[in-house]
Amino acid sequence: MSPKPPYDAQRTPKKAAFSGGPIGESDHGADGVAGRAAVIVPVVSGPGSGLAGRGRSQESRLEEAIGLAEAIHLEIVFSDCVRVNRPRAPTFLGAGAIDSLKPLFETEEVKVVVFDGTLTPVQQRNLETEWKCKVIDRTGLILEIFGERARTREGRLQVELAALTYQRSRLVRSWTHLERQRGGVGFLGGPGETQIESDRRQIDSRIAKIKGDLKKVARTRGLHRAARKRVPFPVVALVGYTNAGKSTLFNRITKSEVFAEDLLFATLDPTMRGVTLESGRKIILSDTVGFVSDLPTDLVAAFRATLEEVLSADLVIHVRDISHADSEAQKRDVFHVLTELGLSPKTDDNVIEVLNKTDLLGADDKARIETSAEHHDDTVALSAITGDGMDGFTAAIDGFFAAKRRIYDYTLAASEGANLAWLYAHGEVLERTDDETGTTKIRVALDPENAARYEHARAKDC
């Protein structure tokens, strides 16, 4: 294996953002090398691989792993793909690979090694012993990112729950003073609980409390959804791979300033805004957290209360970075998570696919993508950053809800001119009859949501 030079050596090094926690405990020193990190991507070709089926090129996996590490401001000084014929139980990597990397880490003064795969607690501890630096696997890295990005109380609770669940299985590597403590008084007491049992008990207690708090969050979200249904506006949820441009698209439609940057997991806490489309139709647009390949199961479970907003949405917008080399593989990862949540994006008819970042394509590729999208009612090609194709996007949303319209018959008194005007503004009047008393009978095509709003408003007036 020939070592690669430090990644992007011309880039201004970013300062590490850690003052404590799993990564920051031992990374700081007076020599100014805090946050110097290496990224290792294992390429498993033999049997028993949990990574071989990810369907991505080595270069794309390495690029994504570097992006994840940079998302928490690590300074990447070394990166490489390491071929593994068969994962070893003690260290995952072979002895030769470990020995060849050791002097490189010493030369580059690496403090953190990011391992783009799943490590057992024993493997993590053994690699740290061999390399004399902190090692975090993909799950730990994503938890670090989420921990830094969470802003709302709900988000922090969800991240803490996932982190505690992850740490619980790794207590074996977190303590060196695990000898038994003597319980009782004097020589009468038997052996007390081990330190690891005490730690696990405290973690279990905290997990139980967080789960209770999150149940309250889920109930509150349920109440909010029920309130929206009483005066219903359709909910449109944006989902997609991280960095696909969801927040940029959200800002373009809502004219908001939600944080959006060319950065993995730039947005964590979900945001909802009311939007009035050009047709006059009002919707609620929801920007959700981005997905990523091998998203930790504990994290999906912790964020279920948030992701349930996707399940209750009337329309799901799947945003893809069509310029990315692994766009199809990213689509499969998103569909996998949605399927875990109970959605069937391959068969459900309430999913529109947005092929974003067409501005990054060459002229021929852009023309091909746009032509293909025009032949599919559930596909739109656009650039959220330039606004190109946005008219087609809003028209697709309007068309989706227009197709759901139902026929309703209403009888209105002469004094209900405001209601009659509302029906003309929000529906399609198919037939109207006025008699000599001023009573109007009207047949109108309305969205079920608008029909419910109209009937709710009339009931309040009665």
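The values are calculated or read from the model by the stated rules, or taken from the named source; none is laboratory data. These numbers were taken from a predicted model, which means no experiment stands behind them. Note that we place each Cβ from the backbone using ideal geometry, even for glycine, and neighbour counts take in every protein chain shown. Just so you know, the surface numbers come from the protein's heavy atoms only, side chains and all, with ligands and any DNA or RNA stripped out. Shrake-Rupley method; radii C 1.70, N 1.55, O 1.52, S 1.80 Å.
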Practice item. Give, as ranges by residue number, the residues of the range 413-440 whose backbone N falls under 19 Å from the point 7 Å along Cα→Cβ of Asp377. Key: 428
Check your understanding: Given +1 on the Cβ of Lys and Arg, -1 on the Cβ of Asp and Glu, and no further charges, what dipole in debye does the range 343-445 carry about its Cα centre, rounded to the nearest 20?
Key -> 220 debye
Practice item. Just the number, please: carbon plus sulfur as a percent of the accessible area of the range 331-462, 1.4 Å probe, no ligands or DNA/RNA counted. Key: 49 percent
Review point. Which parts of the range 399-416 would a label at Asp434 reach, counting a residue when its backbone N lies under 16 Å from a point 7 Å out along Cα-to-Cβ?
Key: 411-416
Review point. Pairs Lys209/Lys255; Lys211/Lys357; Lys216/Lys282; Lys211/Lys282: which are spaced more than 32 Å apart, C-alpha to C-alpha?
Key: Lys209/Lys255; Lys211/Lys357; Lys211/Lys282
Revision key, fill the gap. Cα extents of the range 44-146 along the principal axes, largest first, in whole Å, come to 34, 28, 23
**Study point:** Spatial separation of Cα centroids for the range 333-380 and the range 75-97, in angstrom
**Key:** 36 Å
Practice item. Could you sort 144-156, 201-213 so that the peptide with the highest average Cβ count within 10 Å comes first and the rest follow in order? Key: 144-156, 201-213
Review point. Cα centroid distance between the range 425-448 and the range 112-153, in Å?
Key: 63 Å
Exercise for review: Would you mind getting me the FRET efficiency between Asp359 and Thr152? Use the beta-carbon distance for r and R0 = 35 Å, nearest 0.05.
Suggested key: 0.65
Revision key, fill the gap. 1/(1 + (r/R0)^6) with r = Cβ-Cβ of Ala367 and Lys255, R0 = 35 Å, i.e. FRET efficiency to nearest 0.05, evaluates to 0.75
